[in-house]
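Worksheet: the structure to be examined is printed underneath.
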Amino acid sequence: MKRKVGIMGGSFDPIHIGHLAVANEVLNIYELDEIIFVPTGDPPHKEGLRADACHRLMMVTMAVLSNDRFSVSDIEIKSSGKSYTLNTLTELHKIYKNTEFYFITGTDAVIDLPNWHEPGEVLKLCRFIAATRPGISLEEVGIKIKGIMEAYGGNIEILKVPMLQISSTDIRERFRTGVSAKYLIPECVEQYIIKNGLYRYGDTRL
Ligand code: NAP
């Protein structure tokens with residue numbers, strides 16, 4: 001029987017409780033064996049991440065420590081050049097033989113799939129789970145996702161996650177303006193951000 005492995009793809013800038021809740025939901029619902037968090041290195045589609053890759057990787061590593069079904073991969077961070085999901089999945093298929101991958105990320109990223117590098121090939125290598133935030137129109141997203149599957153094939157499912165009300169944008173804004181983010185991010189991540197002066201008060205890059 002094939003192993004079932006989830007890949008949590010995202011910037012994780014920073015990782016928050018919503019991401020961990022999404023991973024746990026997917027693990028339970030799809031009966032996955034494990035979930036690998038893969039923080040983006042140098043995203044092909046945008047510039048100006050607010051915390052360096054090494055900090056984002058460290059925060060994700062600390063956040064998943066307490067769950068023995070969660071792990072982290074630096075595959076995108078350590079690769080030189082652009083980190084395309086197609087390359088990531090191709091590499092992971094070489095490492096994990098006889099495995100079915102579930103690529104988990106935010107709905108905004110999934111509906112942008114037609115603009116990714118080789119979307120049809122990406123869809124052949126994994127199933128997609130699009131995690132939605134409260135407030136997003138499921139009907140609208142559903143129509144877009146249906147269109148993507150008609151154009152490129154593959155399997156994309158939408159997962160509604162109430163805990164995704166939390167966003168990294170909001171967390172960064174809290175640190176910038178000095179508002180507590182307690183209980184929205186793991187305590188170790190909060191301490192790491194403070195210790196390293198990330199997203200700090202007065203930083204105008206947000
Ligand atoms: P992002 O900027 O970090 O996230 C986009 C949106 O999705 C945000 O609303 C984010 O919320 C949410 N999100 C991110 N990761 C999530 C997760 N694992 N579960 C639930 N929600 C999540 O991410 P991105 O840069 O768009 O990239 C997302 C993934 O798609 C990455 O793995 C990236 O490599 C891949 N991607 C590939 C290509 C390509 O191959 N050409 C192009 C675009 C994206 P928060 O801000 O709260 O995290």
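Per DSSP H run of at least 4 residues, take -39500 (n - 2.57); add these up for the chain, divide by its residues and hand me the 222 nm value, nearest 500 deg cm²/dmol.
-12000 deg cm²/dmol
What is the spin-label model distance, in nm, from Arg200 to Ile143 if the labels are put 7 Å beyond Cα along the C-beta direction?
With each label point 7 Å from Cα toward Cβ, the separation is 4.7 nm.
Can you tell me which of 3-14, 98-109, 140-151 comes out highest on packing, and rank the rest after it, using the mean Cβ neighbours within 10 Å?
Put in order of decreasing packing, that is 3-14, 98-109, 140-151.
Checking the table Lys4/Lys82; Lys97/Lys195; Lys94/Lys182 against a 29 Å threshold on Cα-Cα, which pairs fail?
Result: Lys97/Lys195; Lys94/Lys182 exceed 29 Å.
In debye, nearest 20, what is the charge dipole magnitude of segment 3-163 about its Cα centre with +1 on Lys and Arg Cβ and -1 on Asp and Glu Cβ, if you could check?
Using Cβ point charges on Lys, Arg, Asp and Glu, segment 3-163 gives about 120 debye.
Would you be so kind as to identify which of Met58, Leu184, Gly10 lies farthest towards the positive end of the dipole of the chain, taking Lys and Arg as +1 and Asp and Glu as -1 on Cβ and the Cα centre as origin?
Selected residue: Met58.
Within a Cβ distance under 11 Å of Lys182, other residues only, what is the Lys/Arg minus Asp/Glu net charge?
-1
According to a simple spin-label model (label point 7 Å from Cα along Cα-to-Cβ), what is the distance in nm between Ser80 and Asn28?
4.5 nm
Would you work out if segment 3-163 is rounded, prolate or oblate? Take a ≥ b ≥ c from the square roots of the eigenvalues of the alpha-carbon gyration tensor; rounded if a/c is under 1.5, else prolate when a/b is larger than b/c, oblate otherwise.
The shape class here is rounded.
Read the figures in this text as sums done on the coordinates, not as results from a lab. Source: prediction; values computed, not measured. Backbone-built Cβ (ideal geometry, glycine too); neighbour counts: all protein chains shown.
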